[in-house]
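Q: For reference, the structure I am asking about is given below.
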Amino acid sequence: MKKVITLVICLGSFTFLSVGQSPQKEMGSLFPILQNGKWGYINANGDVVIEPQFDSVGEFHEGLAVANLNGKRGYINEARLFVIQAPASLILAGGFSEGLAPVIEGGKHGYIDRSGNMVIAPQYDFAGEFSLGIARIRTDDKFGFIDRHGALVTGLYPGAFDFSEGLAPVEINGKMGYIDVSDRIVI
């Protein structure tokens, strides 16, 4: 009986540590609002922090948000300053995660860094957010995961979903299983 109790306590501690170490999505400190057809931001107390003036905005991720103001598109910081201005050929496809943001150019997805430099050339049919140093991509109707340099770190699968708690569901031979970040099938 003593061994069973010890095992339960150890497993409970392991579960607690595993959950505590899972990556958390950053909650933005400002939230978009729409007033009189223009977008701005409020804080958690409901105070207007950035006056509604933008044609469109996104949520803040890593201190930056997609914004559109009179044809000027890019990423703004919490002081309303455009810190990255996007060229007309670039579609801003998402927020920053781990210092990179997905963008679309010429119908293909790639990534820019916080300086606006293209760091992973547009080459994917889909590009997701980075987590655990990798991001899910789709190319030629197959899904896989790349590192921050654009190198494929897993195989390509007919179906795949984002990682959660170190595992990602993938389709293998018509069935679903789970891989870890080193592309090892664990379930």
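Q: Within the bounds of the range 73-81, is there any residue that is closer than 29 Å to Val186 by Cα, more than 16 Å from the chain's Cα centre (by Cα) and among the small types (Gly, Ala, Ser)?
A: Going residue by residue through the range 73-81, those that are closer than 29 Å to Val186 by Cα are none.
The answer is no; no qualifying residue exists.
Q: Of the numbered conditions (1) assigned by TED's automatic domain parsing to the domain that holds Thr154; (2) closer than 30 Å to Asp183 by Cβ, Glu62 satisfies every one except a single condition; which is it?
A: So the condition that Glu62 fails would be (1).
Q: Listed residues Leu132, Leu152; which is at pLDDT 95 or above, surrounded by fewer than 21 Cβ atoms within 10 Å (Cβ to Cβ) and not aromatic (Phe, Trp, Tyr)?
A: Details: Leu132 fails: at pLDDT 95 or above.
Result: Leu152 is the single residue among Leu132, Leu152 that is at pLDDT 95 or above, surrounded by fewer than 21 Cβ atoms within 10 Å (Cβ to Cβ) and not aromatic (Phe, Trp, Tyr).
Q: Out of the range 148-165, which residues are in a strand (DSSP E or B) and in contact with a strand residue (DSSP E or B) (Cβ under 6 Å, 6 or more places away or on another chain)? Don't jump to the end; show me each part of the working.
A: Of the range 148-165, the ones in a strand (DSSP E or B) are 152, 157, 160, 164.
Hits for the range 148-165 are Leu152, Tyr157, Ala160.
Q: Quick check on the range 128-139. Is at least one of its residues charged (D, E, K, R), under 24 Å from Gly106 (Cα atoms) and over 12 Å from the mean Cα position of the chain (by Cα)? Before you say what the answer is, go through the steps one by one.
A: The initial filter retains those residues of the range 128-139 that are charged (D, E, K, R), namely 129, 136, 138.
Those left that are additionally under 24 Å from Gly106 (Cα atoms): 129, 136, 138.
Filter again for over 12 Å from the mean Cα position of the chain (by Cα), leaving 138.
Yes, the range 128-139 contains at least one residue that is charged (D, E, K, R), under 24 Å from Gly106 (Cα atoms) and over 12 Å from the mean Cα position of the chain (by Cα).
Q: Keeping to the range 173-187, report how many residues are surrounded by fewer than 11 Cβ atoms within 10 Å (Cβ to Cβ) and not β-branched (Val, Ile, Thr).
A: Going through the range 173-187 one residue at a time, the tally reaches 5.
Q: Residues that are outside any loop (DSSP other than H, G, I, E, B), more than 23 Å from Phe161 (Cβ to Cβ) and in contact with a Ser or Thr (Cβ under 7 Å, 6 or more places away or on another chain): does the range 46-66 have at least one?
A: Residues of the range 46-66 outside any loop (DSSP other than H, G, I, E, B): 48-54, 56-57, 61, 64-66.
Next cut, more than 23 Å from Phe161 (Cβ to Cβ) only: 48-54, 56-57, 64-66.
Subsequent filtering for residues that are in contact with a Ser or Thr (Cβ under 7 Å, 6 or more places away or on another chain) retains none.
No; the residues of the range 46-66 include none that is outside any loop (DSSP other than H, G, I, E, B), more than 23 Å from Phe161 (Cβ to Cβ) and in contact with a Ser or Thr (Cβ under 7 Å, 6 or more places away or on another chain).
The values are calculated or read from the model by the stated rules, or taken from the named source; none is laboratory data. Quantities reported herein were computed from a predicted structural model and do not represent experimental measurements. Here Cβ is always computed from backbone atoms with ideal geometry, including for glycine, and neighbour counts include all displayed protein chains.
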